[in-house]
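S.K.: Here it is, the structure, as structure tokens.
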Amino acid sequence: SDAICNFVICNDSSLRSQPIIFNPDFFVEKLRHEKPEVFTELVVSNITRLIDLPGAELAQLMGEEDPKLPGTNSTASGFFRSLMSLKRKEKGVVFGSPLTEEGIAQVSQLIEYLHKNLRAEGLFRVPGNSIRQQMLKDALNSGTDIDLDSGEFHSNDVATLLKMFLGELPEPLLTHKHFHAHLKIADLTLFDEKGNKTSTPDKERQIEALQLLFLILPAPNRSLLKLLLDLLYQTAKKQDKNKMSAHNLALMFAPHILWPRNVTANDLQENITKLNNGVTFMIKHSQKLFKAPVYIRECARLHYLGSRAHTSKDDLDLLPSPGSRELQPLKSQKRSRLDTCHQEETQQRTEEALKELFRHVHNMPDSAKKKKLIRQFNKHPATLTPGPDVPTSPAPRRARSRSFSGLIKRKVLGTPVILERKSRDATPEPERVSKENVHLLQKCGSPAHTSQAKLKSLEGRKEESCRRLRARLLSKESASL
């Protein structure tokens, strides 16, 4: 079935107090089933963040290359490897066949029975009766109903048959592709204050890496691995009765769930300790290893809910609560108010900065640079207009005065005298002002502040002086003639 979970809305008030079952890995499983390529890429990218996998080992993990396993290129112990492979040639419906859901359903009967008989001393170490084991194996292969509680079989028979089933699988339960990754996980250790590696295992990183690796196991392998590790975890909890610790159990099961097929102890050499310790670690922390890391859950959730294109109506109706829906308009209104306040505050800072800049320009001494800056302000009145507390027009310029002798010469030559200048005329530099002009300015004041009557009287006096001077010059010329 493609359905992962079924959600039922119950309106019966008598049942509302019952606990609600919620699967935190819902979106993880949904992404795994609907988009396996996206899911695998997400998980593998985080695995490579934790452990260093060279190109060849990464390609093997992704299934792009055939795994290169120890002992495949060696001729040593070839007889034993060929003998082991011959034992696996006889395939049954359950034993010796690739792992299927049907096979897991048959083997799960053995696991359920062993959960009820964990107190047997030497469980999984002491072999059972071979005849009873063969009878039980034939019954499982044929699909015959078996009553293990009838007392016909002993717990050691069932435990040995479970190991036999795992040992006859075409590949280990953790698959050949993951072999090198598990060796790297065993090397994850803590760092000291100086950044140097220590011999202390980094348990948190190891758990996280195993969680990620288990996520990309084939579904049947992952299901059976969870059942098996939970059984071994419960067995180790009763080691005071059965004398089987987590390490002892790891020695029994590491060759079946992690060692590559058709290899011997000589092929693995120094890796045996790593592999056995790795299985011991899995048994002790089995209750944490089948939960997806929080960031994987969040990425899977955002993949569906972050984009409307990938969101179904059921997802939208299921996750947001009614209270959160009512809060959406309030959140949008609050966000718009915050945006408006931010814009107003920015505009206020800009205006204050412009005022300060204009005040600085206005207080500058008269120069060509000041005139240029003021003209720039005047060109952009909409954006650069300062506030009312800052003067908006440049200070009145004093009209350039003329020397008295210059006025007389222009009058004699017939050049009109311009007493009023337009505001665009440049202000003269202080060193060019003559004594007569200074005296005249002190006496008459600036033309910008002189009334029309004063200007007319001043012009009259200058005209009278010019006439007298002209008459004097003419009288001298006639006398000389």
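The values are calculated or read from the model by the stated rules, or taken from the named source; none is laboratory data. Everything numeric in this text was worked out from a predicted model, so none of it was measured. Neighbour counts run over all protein chains shown; Cβ positions are idealised from the backbone, glycine included. Just so you know, the surface numbers come from the protein's heavy atoms only, side chains and all, with ligands and any DNA or RNA stripped out. Shrake-Rupley method; radii C 1.70, N 1.55, O 1.52, S 1.80 Å.
S.K.: What number of residues within the range 282-298 satisfy the criterion of being in a helix (DSSP H, G or I) and either crowded, with 21+ Cβ neighbours inside 10 Å or not hydrophobic (A, V, I, L, M, F, W, C) (or both)? Quick ask: steps written out before the conclusion?
M.R.: Within the range 282-298, the subset in a helix (DSSP H, G or I) is 282-284, 294-298.
Now drop any that are not either crowded, with 21+ Cβ neighbours inside 10 Å or not hydrophobic (A, V, I, L, M, F, W, C) (or both), which leaves 282-284, 295-298.
Adding up the residues that qualify gives 7.
S.K.: Shifting gears a bit: State all residues of the range 150-163 that are surrounded by fewer than 16 Cβ atoms within 10 Å (Cβ to Cβ) and not charged (D, E, K, R); if no residue qualifies, say none.
M.R.: S150, G151
S.K.: Sticking with this one: Scanning the range 240-271 for residues that are in a helix (DSSP H, G or I) and among the charged types (D, E, K, R), which turns out modelled with the lowest pLDDT? Lay out the reasoning, then the answer.
M.R.: Of the residues in the range 240-271, the ones in a helix (DSSP H, G or I) are 240-242, 246-257, 265-268, 271.
Checking the rest, the ones that are also among the charged types (D, E, K, R) come to 240-241, 267.
Working: D240: 94, K241: 94, D267: 79.
The residue in question is D267.
S.K.: A further question follows. Residues being charged (D, E, K, R) and either surrounded by 12 or more Cβ atoms within 10 Å (Cβ to Cβ) or not in a loop (DSSP other than H, G, I, E, B) (or both): count how many of those fall in the range 131-149.
M.R.: Keep residues of the range 131-149 that are charged (D, E, K, R), which gives 132, 137-138, 145, 147, 149.
In the following step, the residues that additionally are either surrounded by 12 or more Cβ atoms within 10 Å (Cβ to Cβ) or not in a loop (DSSP other than H, G, I, E, B) (or both) were identified as 132, 137-138, 149.
Number satisfying all stated conditions: 4.
S.K.: Cβ-Cβ under 7 Å, sequence separation 6+ or interchain: first residue in the range 351-367 and of a type in the set (V, I, T), partner surrounded by 13 or more Cβ atoms within 10 Å (Cβ to Cβ). Which pairs?
M.R.: V361/K370; V361/L373; V361/I374
S.K.: Could you check the range 187-239 and list, in sequence order, the residues that are of a type in the set (G, A, S) and in a strand (DSSP E or B)?
M.R.: Quick first cut of the range 187-239, residues of a type in the set (G, A, S) only: 195, 199, 209, 219, 223, 236.
S199 - this is the single residue of the range 187-239 that is of a type in the set (G, A, S) and in a strand (DSSP E or B).
S.K.: So, K238, is that one closer than 24 Å to P36 by Cβ, surrounded by fewer than 17 Cβ atoms within 10 Å (Cβ to Cβ), among the basic types (K, R) and outside the structural domain of L166 (by the TED database) or not? Talk me through it step by step, then tell me what you get.
M.R.: Values: closer than 24 Å to P36 by Cβ: no; surrounded by fewer than 17 Cβ atoms within 10 Å (Cβ to Cβ): yes; among the basic types (K, R): yes; outside the structural domain of L166 (by the TED database): yes.
No; evaluated as a whole, the condition is false for this residue.
S.K.: Does A219 meet the test of being without any contact (Cβ under 8 Å) to a residue 60 or more places away in the chain, among the small types (G, A, S) and out of contact with any Leu (no Cβ under 6 Å at 6 or more places or on another chain)? Reasoning before the result, please.
M.R.: Details: without any contact (Cβ under 8 Å) to a residue 60 or more places away in the chain: yes; among the small types (G, A, S): yes; out of contact with any Leu (no Cβ under 6 Å at 6 or more places or on another chain): yes.
Spelling it out, A219 is indeed without any contact (Cβ under 8 Å) to a residue 60 or more places away in the chain, among the small types (G, A, S) and out of contact with any Leu (no Cβ under 6 Å at 6 or more places or on another chain).
S.K.: Taking the residues in the range 265-281 that are under 15 Å from Q206 (Cβ atoms) and in contact (Cβ under 8 Å) with a residue 60 or more places away in the chain as candidates, determine which candidate is least open to solvent (accessible area, probe 1.4 Å).
M.R.: Filtering the range 265-281 for residues that are under 15 Å from Q206 (Cβ atoms) and in contact (Cβ under 8 Å) with a residue 60 or more places away in the chain, the one least open to solvent (accessible area, probe 1.4 Å) comes out as L275.
Residue by residue, here is whether (1) within 22 Å of E112 (Cα to Cα); (2) assigned by the TED database to the domain that holds R119; (3) within 32 Å of the chain's Cα centre (by Cα) holds:
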position	(1), (2), (3)
T198	no, no, yes
I207	no, no, yes
L212	no, no, yes
L217	no, no, yes
K226	yes, no, yes
I257	yes, no, no
P260	no, no, no
